[in-house]
Amino acid sequence: MGFLARLHQTADRHNKDRILELVRPLADAKLVDLGCGRGDFTLELAQRVRASEVAGVDFVATLVGEAQARGVDALQHDLNTPLPFEDGTFDVVHSNQVIEHVTQTDLFLKEVRRILKPGGYAIVSTNNLSSWHNILMLAFGMQPLPCHISDEYAAGNPFDPYRNGERAQGASHYRVFSFRGFKELLQLHSLHVEELVTSGYYPFPPAIADRLCRLDRVHGAFLIARAHRG
């Protein structure tokens with residue numbers, strides 16, 4: 001693994017730790033993780049939430065199988081289509097690094113709100129277009145790392161850690177959000193933002209990045225919102 005890929009991996013873990021900080025435990029909660037992957041972080045969330053029921057959704061069959069093997073009630077489903085759950089099913093809806101991959105962003109957020117119970121909350125995290133490293137790349141005429149222009153290749157930025165390989169299926173980003181844009185879109189879909197923070201601060205290690213993100217709440221690498229159903 002190259003240096004830039006390690007930086008991204010470190011920032012990704014910092015993002016997950018910040019997500020866990022935003023979790024509010026709820027007794028007997030029902031949790032769903034939209035984009036659950038292998039289910040390992042889903043179970044970290046479930047422990048922090050104190051969930052009694054844990055569901056997951058992912059479009060990759062092999063990942064769904066791994067999540068199921070870990071004990072997550074996972075199913076394969078395309079998140080660009082309505083979710084197969086009744087209204088008000090879940091106390092907590094989580095989705096990390098997923099919304100940028102879906103083409104039907106408005107439908108996705110409508111569904112997040114629909115499946116939330118009154119009094120429940122959602123935690124949604126995504127890349128931050130307004131992070132300093134993206135602003136700097138734009139200033140030098142480069143494609144910001146989270147803004148993909150090809151479904152097949154990593155193009156437009158010599159620092160892209162995946163530049164020399166083909167883009168994996170489903171890895172393309174179709175919508176990338178600024179701090180204000182992300183907040184306003186959630187609110188337009190009646191998801192009232194209680195907290196909006198950032199995580200990761202390239203190229204700094206987690207301890208320094210954490211301090212910087214708490215001082216500068218706008219320009220970290222990732223956005224994390226906790227919002228309740230309005």
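The values are calculated or read from the model by the stated rules, or taken from the named source; none is laboratory data. Everything numeric in this text was worked out from a predicted model, so none of it was measured. Using ideal geometry, Cβ is built from the backbone for each residue, glycine included, and neighbour counts are taken over all protein chains shown.
Here is how the numbers come out for the structure above:
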| quantity | calculated |
| --- | --- |
| Wholly within segment 113-230, strands (runs of 3 or more DSSP E) carrying at least 2 residues that are over 27 Å from residue 77 (Cα atoms) and touching a helix residue (DSSP H, G or I) at 6+ places or on another chain (Cβ under 8 Å) | 191-199 |
| Segment 122-176 - residue that is modelled with pLDDT of 90 or more and on the phi > 0 side of the Ramachandran plot and, of those, surrounded by the most Cβ atoms within 10 Å (Cβ to Cβ) | 156 |
| Breaking point among (1) of a type in the set (D, E, K, R); (2) without any contact (Cβ under 8 Å) to a residue 40 or more places away in the chain; (3) on the phi < 0 side of the Ramachandran plot, for residue 113 | (2) |
| Residue 105 vs. criteria among the hydroxyl-bearing types (Ser, Thr, Tyr), surrounded by fewer than 23 Cβ atoms within 10 Å (Cβ to Cβ) and in contact (Cβ under 8 Å) with a residue 60 or more places away in the chain | yes |
| Subset of segment 125-150 [small (Gly, Ala, Ser) and either under 16 Å from residue 97 (Cα atoms) or touching a residue at least 60 places away in the same chain (Cβ under 8 Å) (or both)] | 125, 130, 131 |
| Residues of segment 65-81 satisfying the condition of being under 16 Å from residue 94 (Cβ atoms) and not small (Gly, Ala, Ser) | 70, 72, 73, 75, 77, 79 |
| Cross-chain or 6+ apart pairs with Cβ under 6 Å, segment 171-188 first and closer than 28 Å to residue 154 by Cα, then surrounded by fewer than 14 Cβ atoms within 10 Å (Cβ to Cβ) and not small (Gly, Ala, Ser) | 172/151; 174/103 |
| Qualifying strands (runs of 3 or more DSSP E) (wholly inside segment 1-86; at least 3 residues being farther than 28 Å from residue 159 by Cβ and touching a His at 6+ places or on another chain (Cβ under 8 Å)) | 29-34 |
| Top-ranked residue of segment 69-108 - restricted to ones that are among the aliphatic types (A, V, I, L, M) and under 14 Å from residue 174 (Cβ atoms), ranked as nearest to the chain's Cα centre (by Cα) | 98 |
| Selection status of residue 85, surrounded by fewer than 19 Cβ atoms within 10 Å (Cβ to Cβ), among the aromatic types (Phe, Trp, Tyr), under 26 Å from residue 62 (Cβ atoms) and in contact (Cβ under 8 Å) with a residue 24 or more places away in the chain | yes |
| Test: residue in segment 43-57 that is among the hydroxyl-bearing types (Ser, Thr, Tyr) and under 13 Å from the mean Cα position of the chain (by Cα) | no |
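Residue by residue, here is whether (1) modelled with pLDDT under 95; (2) among the hydroxyl-bearing types (Ser, Thr, Tyr) holds:
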residue	(1), (2)
5	yes, no
22	no, no
34	no, no
45	no, no
52	no, yes
57	no, no
67	no, no
85	no, no
95	no, yes
